[in-house]
Amino acid sequence: MSKLPTVLFVGAGRAGKDHAAHYLSVITTLRYAGSFSWAALPHMAKVLGEHPQIAWERRHNHRGLWKRELDKLREKDQCYLARLVLRDGESAAGLRDRREIDAVKAEKLFTHIVWVERPGNPADPTVTFTADEADFTIINDGDIDKFHADLRSFARNYKLPLK
């Protein structure tokens, strides 16, 4: 694992977490590690009996199943998916479970946890914790330029290594 800061973006589906994690890699020296769902894709494709591309494209249609299966996958090690994503970079997205975030925080795997909130987004029953678990909240309530400005401000305020 890298000696750089590690940042995890969390929040409801479709709030902008993955975009935030990727954009952070554009403006800092942190590498985009992808999402927890991406790390779990080989497992889920096998469970679903589908090619990984099909499983990925249909994941939003099967959110409950993905949540249940990933909870089972992490049963012995709540940090399993976090460790997988951190092998590929320092900026990641998509952790969804209360036990998982508690374990990740206890092991200090991420130096910063950021909740991305998109007002008007429907509630996401697959996220079993709240913004209170994050160190910082970014409200994604404007256009992409505002969202990027908020992410740049976050990076500067937390002294992340800017490019």
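With the condition being closer than 21 Å to PRO5 by Cα and within 14 Å of the chain's Cα centre (by Cα), I'd like the helices (runs of 4 or more DSSP H) fully within the range 55-157 carrying at least 2 qualifying residues. Spell out how you get there, then give the answer.
Details: elements: 63-73, 80-86, 98-106, 144-157.
In the range 55-157, 80-86, 98-106 are the helices (runs of 4 or more DSSP H) which contain 2 or more residues that are closer than 21 Å to PRO5 by Cα and within 14 Å of the chain's Cα centre (by Cα).
Please tell me if ARG31 is modelled with pLDDT under 95 and of a type outside the set (Gly, Ala, Ser).
Answer is no for this residue.
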> Restricting the search to the range 39-54, which residues are in a helix (DSSP H, G or I) and either of a type in the set (Val, Ile, Thr) or free of Cβ contacts under 8 Å to residues at least 12 places away in the same chain (or both)?
Replying inline: PRO42, ALA45, LYS46, VAL47, PRO52, GLN53, ILE54
>> Given the criteria among the hydrophobic types (A, V, I, L, M, F, W, C), surrounded by 14 or more Cβ atoms within 10 Å (Cβ to Cβ) and in contact (Cβ under 8 Å) with a residue 12 or more places away in the chain, does LEU109 qualify?
In response: yes
>> Here is a check on your reading of the model: is HIS19 surrounded by 14 or more Cβ atoms within 10 Å (Cβ to Cβ), out of contact with any helix residue (DSSP H, G or I) (no Cβ under 7 Å at 6 or more places or on another chain), within 14 Å of GLY94 (Cα to Cα) and in contact (Cβ under 8 Å) with a residue 12 or more places away in the chain?
In response: yes
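Within the range 112-126, which residues are out of contact with any helix residue (DSSP H, G or I) (no Cβ under 9 Å at 6 or more places or on another chain) and in contact (Cβ under 8 Å) with a residue 40 or more places away in the chain? Steps first, please.
Within the range 112-126, the subset out of contact with any helix residue (DSSP H, G or I) (no Cβ under 9 Å at 6 or more places or on another chain) is 118-123.
Passing the criteria: ARG118, ASN121, PRO122, ALA123.
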> Among the residues of the range 27-37 satisfying the criterion of being touching a residue at least 60 places away in the same chain (Cβ under 8 Å) and among the aliphatic types (A, V, I, L, M), which is nearest to ALA149 (Cα to Cα)?
Replying inline: ILE27
>> Of everything in the range 52-87, what is small (Gly, Ala, Ser) and under 21 Å from ILE113 (Cβ atoms)? Give them in sequence order.
In response: ALA82
> Does the range 94-106 hold any residues that are out of contact with any Leu (no Cβ under 7 Å at 6 or more places or on another chain) and in contact (Cβ under 8 Å) with a residue 12 or more places away in the chain, and which are they?
Replying inline: GLY94, ARG96, ASP97, ARG98, ARG99, GLU100, ASP102, ALA103, LYS105
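The values are calculated or read from the model by the stated rules, or taken from the named source; none is laboratory data. Please read all numbers here as calculations on a predicted model, not as lab measurements. Methodologically, a virtual Cβ is constructed for each residue, glycine included, from the backbone with ideal geometry; neighbour enumeration extends over all protein chains shown.
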